[in-house]
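To keep things clear, I will list the structure first and then write my remarks on it.
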Amino acid sequence: EQKAEEMKAEENKAEENKAAEIRAGVDDTNFFKEEDEPAEFAEEKLEPVDDNLVCPICLDLLFEPVCTMCGHTFCKACLTEDFKKCPLCSEHCFMNDAKVNIALRNVIEKSFPKRVKKRQYYHDKRVKELEEELKEKDNFSEIPVFFIMGHVTPGSNDFLRIFEPRYHDMINLVLQRDRKFVIIRKRAEKLGYLVKIEEYRRVMDNRTIIKIKSL
Ligand SMILES: [Zn+2]
Ligand SMILES: [Zn+2]
């Protein structure tokens, strides 16, 4: 009986050691980092941000800042022409007319060169990725298919929240084409709904709300 207890204790110890080994191997300092983010873009190496120069849409330092007629300022890429009103004050503005404020951009570039370099890096990377995806897609010229739990009412509008990165990429692709895609609610379901994106709003970097109409 004593032997059995000893064996049990030994087993427990071995399990504990194994758990400690696993814990030591997990480096959670990189948990929130992009997979292959260059070391120079680590947050602690960048200039502290001035709250007055933060874009209200992406909550990052203004990049290619555009000013609306109501006086509010956003990144050019964040303020798409699909915003019919200012996202901050709801005043009607002509979004597609908004030009980059060159003086403000120059001041930001001079004061935050490292942060601007980081934003430029990810901007270029994203554009390149989108171009690659478009090239690939055009070879097949197929309509993207989403497997989504959302609700689709034939002939009327529904809203979908997009937060999974792969769906976000697909939405970006769909927006650059004819805005149409197919929703299949369950993999087993043979029936799909052809829908069109009528409006979309980027809430955060990787969150988008889209208004769809089933065709
Ligand atoms: Zn922005
Ligand atoms: Zn405004």
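Since every read-out is calculated from the coordinates, none of them should be taken as a lab result. The model shown is predicted, which means the values in this text are computed figures rather than measured ones. Because the Cβ atoms are built from the backbone with ideal geometry, glycine has one as well, and the counts that use them run over all protein chains shown.
Structural remarks
- Beyond 24 Å in Cα-Cα separation lie the following of the pairs Lys118/Lys196; Lys128/Lys211; Lys99/Lys213; Lys84/Lys211; Lys117/Lys211; Lys84/Lys128: Lys118/Lys196; Lys128/Lys211; Lys99/Lys213; Lys117/Lys211; Lys84/Lys128.
- With θ taken as phi - 60° and the Karplus curve 6.51 cos²θ - 1.76 cosθ + 1.60 applied, the whole-hertz 3J(HN,Hα) list for the stretch 166-177 is 5, 6, 4, 5, 5, 4, 4, 5, 4, 5, 7, 10 Hz, x standing for glycine and proline.
- Taking the square roots of 5 times each eigenvalue of the Cα gyration tensor of the stretch 41-139, largest first, gives ellipsoid semi-axes of 23, 22, 11 Å.
- Protection proxy ranking, highest mean first, for peptides 40-48, 103-111: 103-111, 40-48, where packing is the per-residue count of other beta-carbon atoms within 10 Å, averaged.
- Two-site FRET efficiency, Glu198 against Lys117, from Cβ-Cβ distance with R₀ of 45 Å, rounded to 0.05: 0.75
- Order by protection proxy (mean Cβ within 10 Å, highest first), peptides 57-63, 120-126: 57-63, 120-126
- Computed label-point distance, nm, for sites Lys99 and Ala42 using a 7 Å Cα→Cβ extension: 4.2 nm
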